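The values are calculated or read from the model by the stated rules, or taken from the named source; none is laboratory data. These numbers were taken from a predicted model, which means no experiment stands behind them. FYI the Cβ positions are ideal-geometry reconstructions off the backbone, even for glycines, and counts take in every protein chain you see. Keep in mind that these areas ignore ligands, DNA and RNA; they rest on the heavy atoms of the full protein, side chains included. Shrake-Rupley method; radii C 1.70, N 1.55, O 1.52, S 1.80 Å.
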Amino acid sequence: MISAAEIAEFTYCALSWQFGRNGRNTTSASSERGMQKHAEVGKKLFAVEKARREFWLLTILGYALLALALIILLRWLQ
């Protein structure tokens, strides 16, 4: 039987989950490199997510400014 915690561990790192299921020691030099790599990937994913949020914020701001400019233009033309 697989628990919800195991599913979360598998989702995070399938190799680590497999090592845990097989009773292997995960404190080797290669596992340390793996943890460092996970940290690097996590930082990159954080940066990508931050850039995505900034993109959408600026997109919404741009549309709002465009709408405001159109409203001002339409009032000026009347």
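Brief remarks on what is shown
- The modelled label-to-label distance between I71 and K44, using points 7 Å beyond Cα along the C-beta direction, is 4.3 nm.
- Span-rule helices in the chain, defined as complete DSSP H runs reaching 30 Å or more along the axis (Cα) with Kyte mean at least 0.0: 29-77
- Entry note, the chain: the mean residue ellipticity at 222 nm calculated from DSSP H runs of n ≥ 4, each adding -39500 (n - 2.57), is -30000 deg cm²/dmol after division by the residues and rounding to the nearest 500.
- Each residue was assigned an accessible area with a 1.4 Å probe, and for K44 the value is about 140 Å².
- Extended-chain gain in nm, criterion 0.36 nm per residue less alpha-carbon gap, R33 and E54: 4.4 nm
- Y12 contributes an accessible area of around 150 Å² to the protein surface, as traced by a 1.4 Å probe with all chains present.
- Residue with peak Gaussian network fluctuation, the chain [Cα springs, cutoff 10 Å], from A64, A39, A47: A64
- Taken per residue, the accessible surface of the chain reaches 92 Å², heavy atoms only and a 1.4 Å probe.
- Label-to-label distance, Q18 versus A5, with points set 7 angstrom from Cα along the beta-carbon direction: 2.3 nm.
- Springs join every pair of Cα atoms under 10 Å in this Gaussian network model of the chain, and among L66, L57, L45 the largest mean-square fluctuation is at L66.
- Among T11, L65, W76 - extreme Cα towards positive end, dipole of the chain, charges at beta-carbon: W76
- Anisotropy class of the stretch 7-52 from Cα gyration tensor, a/c 1.5 cut: oblate
- Per-atom-type breakdown for the chain gives carbon and sulfur 68% of the accessible area (1.4 Å probe, protein chains only).
- The accessible-area ordering, largest first, of the residues T59, T11 stands as T11, T59, per a 1.4 angstrom probe.
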